[in-house]
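See structure below.
The values are calculated or read from the model by the stated rules, or taken from the named source; none is laboratory data. This is a predicted model, so every value here is computed, not measured. Backbone-built Cβ (ideal geometry, glycine too); neighbour counts: all protein chains shown.
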Amino acid sequence: MEQPHNIVRIRPAGSLPAACCAAAFALGLAVLSGPAVAEDMSFASGAMSEESCTIIVNQAGTMAASSDARTLSSKLTGGIAGLATVTSRKRSQNPGARYRLTLDAPSAFTSMPVGGDAGVTFATRFSGISISRGRNFTERDGNSSVRLRRRGTSVTQITAHLIANRPDSFPGGSYSAVATLRCE
């Protein structure tokens with residue numbers, strides 16, 4: 001019988017939720033700032049699981065526009081990659097029992113100027129560096145899953161990129177989208 005995943009959500013002011021099994025990277029052109037704020041955090045506990053995967057989004061990304069305005073990407077000059085830390089804990093030695101990481105591309109922008117979503121295709125790329133018994137892996141397509149360690153605790157730093165392409169130029173304005181890092 002499959003064990004349910006424990007989910008802990010921590011939502012700092014102005015951020016998207018981070019969950020044990022999926023975390024969202026907000027990627028946009030505008031950087032917003034404001035006064036310091038405080039927000040309550042709720043905590044709950046069930047039975048402790050000896051198997052878990054936790055994703056903490058350390059940095060949201062920023063997309064920059066190409067010179068012909070047909071591409072918005074965190075990989076372009078002026079773009080910033082999203083960063084996350086993934087901590088997995090597994091007891092099983094069964095290779096099929098490993099957690100797998102993927103980075104889902106959005107199906108649409110969450111905000112854009114009028115007409116900014118016409119003909120847009122999205123792609124994601126991600127890579128990882130071992131922090132503690134984690135996985136080192138070179139940049140790959142977001143749909144190309146990465147298996148984490150099958151036994152013990154591992155910590156991997158993830159670098160995530162979002163690319164949006166369009167056959168003609170993007171209209172001027174601010175764009176934002178969300179890519180989802182999954183550990184399943």
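Assessment of the range 123-141 against the conditions (farther than 22 Å from residue 73 by Cα and of a type in the set (D, E, K, R)) yields at least one matching residue. Checking every residue in the range 158-178 against the condition of being without any contact (Cβ under 8 Å) to a residue 60 or more places away in the chain, among the polar types (S, T, N, Q) and touching a strand residue (DSSP E or B) at 6+ places or on another chain (Cβ under 6 Å) gives zero matches. Using the structure shown, decide if residue 169 is more than 15 Å from residue 84 (Cα to Cα) and surrounded by fewer than 21 Cβ atoms within 10 Å (Cβ to Cβ). Judged against the criteria, residue 169 is a match. Taken over the range 150-178, the residue count meeting the criterion of being assigned to a strand (DSSP E or B) and of a type outside the set (S, T, N, Q) is 10. Against the conditions (1) over 16 Å from the mean Cα position of the chain (by Cα); (2) more than 17 Å from residue 54 (Cβ to Cβ), residue 134 satisfies every one except (2).
Looking at the structure I just gave you, is residue 139 on the phi < 0 side of the Ramachandran plot, touching a Cys at 6+ places or on another chain (Cβ under 9 Å) and surrounded by fewer than 17 Cβ atoms within 10 Å (Cβ to Cβ)?
When the stated conditions are applied, residue 139 does not pass them.
The single condition among (1) within 30 Å of residue 133 (Cβ to Cβ); (2) among the small types (Gly, Ala, Ser); (3) modelled with pLDDT under 90 that residue 82 does not meet is (3).
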